[in-house]
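Structure record follows, encoded as structure tokens.
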Amino acid sequence: MRVFPWGFWLLCVASAPARGDSGSKARSCAEVRQLYGAKGFSLSGVPQAEISGEHLRICPQGYTCCTSEMEENFANKSRSEFEAMMKEAGRSVQATLTAQHRSFDSYFQDLLNKSEKALYDAFPSMYGELYTQNAKVFKDLYSELRRYYRSSNVNLEEALNEFWTRLLEKLFKLLNPQYHITDEYLDCMVKHAEQHRPFGEVPRDLKVKATRAFIAARSYAQGFLVGSDVVKKVSQVSLSHECTRAIMKLMYCPHCRGMSSVKPCNNYCLNVVKGCLANQADLSTEWKYLMDSLIGVADRIDGPYNVDTVIGTIHVRIAEAISNLQENKDSITSKVFQGCGNPKISTKGSSSEDKKRRGKVTLEAKSSAQALEMLVLDAKGNLTALKTYWITLPSSLCSKKVMASSASDDKCWNGMTKGSYLPEVMGDGLANQINNPEVEVDITKPDMTIRQQIMQLKIMTNRLGNANIGNDVDFQDTSDDMSGSGSGDSCPDDVCGKRLSKSPSTRQPETHAIPKQSGHGVSGASSRPLPSASLLLLLLSVAVIAAQHLWR
């Protein structure tokens, strides 16, 4: 039974508060006072030397330079600083995505503007009154194309069909001024237009190529904005109370313990940040799918869909169509008369020769294919680099912002004192934080703001998947998305599920299984200072020795 006094003495030694050094003299708090003042707090009441730390609720309760008020102020400061780190990291990603959107949008709009300007410059001299009396038809076409690109509620195929119908009606009357052609007669003519093909194969060919190019272009442009907006909204999610405590313990408790020069252990920092950003890490799967989808559409834009050629030559294709109508005027008119009857002769008679064709089409389109190629290469490089943003964010924050020590350092701040950090690093995502030793995370309660943003990523990826195979998608009520919102149009699971099943390239999104835990909530544990590994081993040894003596 001699072991009990000895064991009791060991317990007393182990539980006694340790000083930051081996000396018996209380250490100066000059460094903490300097830091505290630099953070904008009053030095009134700040200890000059270490005091007993039984009052501390977050930091280890050994000798300390922090009062309860200082601990609370440091906790609030650590929260605001960490949230600022998150927003700064997010702004960098936002800036990258926004810059890519701006570059492509500028290129695409410029392509469309140049085509329209070339038409306005060339058509008056080429077609005379055929153009000047119908300029609004061409202007309306380009306006509709722009509206579609900006995600207004425009059916592109209908807009193109309407253009060719209006153009045919106007030109047929101008090319046949000797006849009185009524609206009813024009309706009959339009019904037979598909059969007679007055513009040749141009309308059908342009519709196929232009719709694919515009679908890809607007989905591509919107994808950058949605990605940027998701980052913005997620970066604004507030830290939980448990996370605030863990961040305070990581960043400021070493200062309170008189260890201002000791860096946090890298693995310790990773566990804290992974616990705090558990919900954010769950974005990673859908985020990667979005980046991959944007890369896929970028390849289409610079490849099979040939945006530069299709959009940049719209005016050339229109000129080809008009020339085809002029060159085949007599045969087309004859076919129309056969199907709709002979119209009455007009009393006004024929107008001037200015309406007739002025010659062969000599329009040329300047290629900007090299500029598009460079845009796509730059975008693909940036998108590839951003794929792992959410899962590499903890290590990035720890190394660049928190300034954690190297992984092999055994003289770093481990949350209790200077030494090595023994717990293993947790995995990524909410479900993997069930045993996080540093942050209490309720894995049964995912953050709803982040879940909404995951849904936005899924919807946008589905749109890009459809665009990648040339399918139009429903962009109704998404004009706000193109202006930067990227969210707010969440839909029920059954509706979104149907959308996702449209594309043959659609993959089943990965989900993070959340284990069912009954009574495993982790509330309240962070208010208790956790014993260090060495203390636990010491107490266990005492208990084992005592048990051995008892059984003798």
Residue-wise HN-Hα coupling along the stretch 437-448, computed from phi with Karplus coefficients 6.51, -1.76, 1.60 (Hz; x: Gly, Pro): x, 10, 10, 6, 10, 8, 6, 8, 10, x, 6, 6
Net +/- balance of residues flanking residue 307 in space, Cβ distance below 10 Å, scoring K and R +1, D and E -1: +1
Which listed pairs, of 77/411; 249/445; 274/400, have C-alpha distances above 20 Å, in listed order: 77/411; 249/445
Contour excess over end-to-end distance, with Cα ends at residue 91 and residue 399 and 0.36 nm allotted per residue: 109.1 nm
Highest-first arrangement of 246-255, 60-69, 189-198, where packing means the average Cβ count within 10 Å: 246-255, 60-69, 189-198
Gained length - residue 451 relative to residue 109, 0.36 nm times residue gap less alpha-carbon distance: 119.7 nm
Mean Cβ count within 10 Å, highest first, over the residues of peptides 220-232, 460-472: 220-232, 460-472
Exceeding the 23 Å Cα-Cα cut-off - candidates 173/335; 263/387; 136/170: 263/387
Pairwise centroid distance, computed over Cα atoms, of the stretch 133-175 with the stretch 178-252, Å: 18
Karplus 3J(HN,Hα) series, Hz, for the stretch 221-232 with 6.51 cos²θ - 1.76 cosθ + 1.60 (x for Gly, Pro): 5, 5, x, 5, 5, 5, x, 5, 5, 4, 4, 4
Packing rank of 424-430, 438-444, where each peptide gets the mean count of other beta carbons within 10 Å, highest leading: 438-444, 424-430
Calculated diffusion of the stretch 165-301, Stokes-Einstein form, Kirkwood radius summed over Cα pairs, 37 °C and 0.692 mPa s, µm²/s: 152
The stretch 91-131-the stretch 397-416 distance, computed between alpha-carbon centres (Å): 51
Size of the stretch 29-70 as Cα extents on the principal axes (Å, biggest first): 25, 17, 14
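Since every read-out is calculated from the coordinates, none of them should be taken as a lab result. Values in this document were obtained by computation on a predicted structure and should not be read as measured data. Note that we place each Cβ from the backbone using ideal geometry, even for glycine, and neighbour counts take in every protein chain shown.
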